[in-house]
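Taking it in order: structure first as structure tokens, then the write-up.
The values are calculated or read from the model by the stated rules, or taken from the named source; none is laboratory data. Treat the numbers as computed from the prediction; the structure is a model and nothing was measured. Cβ placement follows ideal geometry from the backbone for every residue including glycine, while neighbour counts extend to all protein chains displayed. Remember, those area values only see protein heavy atoms, side chains included, never the ligands or the DNA or RNA. Shrake-Rupley method; radii C 1.70, N 1.55, O 1.52, S 1.80 Å.
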Amino acid sequence: MYLFYGENCPHCIELKSFLKEYLEEKDNITLYSYEIWNNNVNKTHLQNIVNILHVQFSGVPYLVIGNSAISGFSKELTPERIKNTVN
């Protein structure tokens, strides 16, 4: 998993909290995190992934799992979407 986030972004903080708990159960998944609001190298890394996967980037948080991307965070929808994508 690749997480692209913005420093102090409230939705990013929620997603990171969910992922921390969720990934405690998953020893076969590694999470790589990249802050993009203040880091141009990480912005370029994100742009490269978006180009490779032919997906759109609409803002943070932006989570890439395999060849799927999940943008934003909703307590009601995103956790289930992540679990389904992982499975």
>> Show me the strands (runs of 3 or more DSSP E) found entirely inside the chain where at least 1 residues are without any contact (Cβ under 8 Å) to a residue 40 or more places away in the chain and open to solvent by 80 Å² or more (accessible area, probe 1.4 Å).
In response: 32-35
> What about Leu19, is it under 14 Å from Ile70 (Cα atoms), modelled with pLDDT under 95 and among the hydrophobic types (A, V, I, L, M, F, W, C)?
Replying inline: no
